[in-house]
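Shown next, in structure tokens, is the structure this report addresses.
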Amino acid sequence: MGGIILDQPLPSKGLDMVDPFLLIHHWDDQLNGGQKQQDAGVGPHPHRGFTPVTFIFKGGVHHRDSTGVESIIEAGGTQWMNSGRGIVHSERPTKELAESGGKFEIIQFWVNSPAASKFDPPSYQPLKYEDTPTVKSADGLVTIGVVAGQFHGKTGPVSGSSPLATLRLEASKGGEMSMEIPKDYNALLYVLDGEVKIGDKTVGTKDMVVFNNDGGSIDVSILEDTRAIILSGEPINEPVVSYGPFVMNSEQEIREAIRDYQNGKLGTLVERFEG
Amino acid sequence: MKRQQFILNMSLIGAASLLSPKLLFARNSKPIRKVHIPLGAEHIRHGLYSPKQIVSTNLPSWFEVFERDILLSNGHSVGPNDLGVLNLKVNADSLSIFQKGNDFSILNGRENHDLSPQNSVKTIQTKTGKILILPVGKNKIEHPGAIGICLKGTVKVDSQQLNEFDCLSLTSEQVVDVKQNSIIILIQNTL
């Protein structure tokens, strides 16, 4: 399998995390096709101690994990996997996409788990586009998909390990919206493409904005058609030690996670492929 | 009150990241009995962490060794707190050797043992094996079948030189010459 080139706005130089959010990967690709599914995407790998979440924007993602779950979610949907005490999973473009090619675009972000939840049983929550509640701006030009948490009276179907609101934004040029975010939540906005104005700043494609906790709303003006994500959550305020695929509270716990994975205690995933 | 102040645009300058598993290889041409443990990958946060076993006819069936990995501490670029990982199995019991800077340690059960050389042989008992850390200088060894792994510096086993992350299955009565600032561990099967 070849490498995967993606954008990583978080962590980056000078910004390790926006508690409880630890990572954002933006993978935007044109798949050429002619591949077997087993040669595409990301093969089996472990996690412990946090929740990797995938927002799918183009194409579909085929999730398989060591608890026996197999799930395909298409564009507009979400895969929300709490790795808890340990899981092994794979994330691949759908068979059709790998074989026939096409556009593939996802955002994966990580949400830390509080120490008290790091050893919960692993779980997987799929959410389809049509099951994602939406909120529209008064001008009808901004649509917010509510994946988890509460936003303007709508509740996202997915539940997290700590209080948060994770949102998808799609907006047309000229739209405006004042978004209410609890003041004690940390919040960030990442633009997949487009251009928005926040305060006196212009924010464009692949820019990320991290907000201060100095108010309860974010006013956005849409300068160009825009797709973005908004992640907000109550900070966990615990020590974070993150190495590779594990996020724990101490380095000793990381070492034990590595050893436990080698011992098979995080589970085993044997993928089965058609054809 | 509006949230108008923000840290602008951490964004993506040079942040395109490559998740790239590398092929492993092991030197196992016939006259040379030593096996090199290659570096698998350096992992950003996430990372395709899935160490591959090194297959070699020069290694006994009770011993498994996996390619090494480096887990980047800050999640995006090389730094002083990166964690090197070398996984072993002795009779299916997993042991993980960790490297931070010049320091090596092994996790055995829930206990970390320092692997720096002492003035005499240091022994660590595991579930199914024994790990010996040899002191600097010439050590006459009579542990046929034990595995020697050079973690740091260079070590001579009779006439054969082991460099960092070379390993070797020992025959009886060999002289292991540990050079200054070098570390070798011997792993014995006690089952």
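Results, tabulated for the structure shown:
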read-out	value
Some residue of region A:143-157 being assigned to a strand (DSSP E or B) and surrounded by fewer than 14 Cβ atoms within 10 Å (Cβ to Cβ)	yes
Residue satisfying all of: in region B:93-114; touching a residue at least 24 places away in the same chain (Cβ under 8 Å) and closer than 23 Å to B:Val35 by Cβ; surrounded by the fewest Cβ atoms within 10 Å (Cβ to Cβ) among these	B:Asp93
Flag for B:Phe63 being under 14 Å from the mean Cα position of the chain (by Cα) and farther than 22 Å from A:Glu251 by Cβ	yes
Evaluation of A:Glu195 against (1) assigned to a strand (DSSP E or B); (2) away from chain B (no Cβ under 14 Å); (3) among the charged types (D, E, K, R) (one fails), failing number	(2)
Qualifying residue in region A:86-102 (condition: aliphatic (A, V, I, L, M), part of a helix (DSSP H, G or I), touching an Asp or Glu at 6+ places or on another chain (Cβ under 9 Å) and buried (at least 23 other Cβ atoms within 10 Å of the Cβ))	yes
Subset of region A:234-275 (residues that are assigned to a loop (DSSP other than H, G, I, E, B), under 19 Å from B:Leu107 (Cβ atoms) and without any contact (Cβ under 8 Å) to a residue 24 or more places away in the chain)	A:Gly244, A:Ser250, A:Asn263, A:Gly264
Hits in region B:167-177 (condition: buried (at least 17 other Cβ atoms within 10 Å of the Cβ) and more than 25 Å from B:Lys89 (Cβ to Cβ))	B:Asp177
Checking B:Ile97 against (1) at pLDDT below 90; (2) under 16 Å from A:Ile258 (Cβ atoms), the condition it does not meet	(1)
Qualifying residue in region A:220-230 (condition: at the interface with chain B (Cβ under 7 Å from one of its Cβ atoms) and surrounded by 15 or more Cβ atoms within 10 Å (Cβ to Cβ))	no
Of residues in region A:231-260 being of a type in the set (D, E, K, R) and more than 10 Å from chain B (Cβ to nearest Cβ), the one farthest from B:Leu86 (Cα to Cα)	A:Glu234
Enumeration of residues in region A:121-132 that are in a loop (DSSP other than H, G, I, E, B) and loosely packed, with under 15 Cβ neighbours inside 10 Å	A:Pro121, A:Lys128
Some residue of region A:6-27 being in contact with a helix residue (DSSP H, G or I) (Cβ under 6 Å, 6 or more places away or on another chain) and on the phi > 0 side of the Ramachandran plot	no
Some residue of region A:209-229 being within 21 Å of the chain's Cα centre (by Cα), at pLDDT 95 or above and over 17 Å from A:Leu167 (Cβ atoms)	no
Residue count for region A:9-42, restricted to those that are facing chain B (nearest Cβ under 10 Å) and either crowded, with 19+ Cβ neighbours inside 10 Å or touching an Asp or Glu at 6+ places or on another chain (Cβ under 7 Å) (or both)	13
Strands (runs of 3 or more DSSP E) fully within region B:53-98 counting 3 or more residues that are facing another protein chain (nearest Cβ under 9 Å) and not charged (D, E, K, R)	B:83-90
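The values are calculated or read from the model by the stated rules, or taken from the named source; none is laboratory data. Note that the coordinates shown come from a computational prediction; the quantities given were computed from them, not determined experimentally. Cβ: placed from backbone, ideal geometry, glycine included. Neighbour counts: every protein chain shown.
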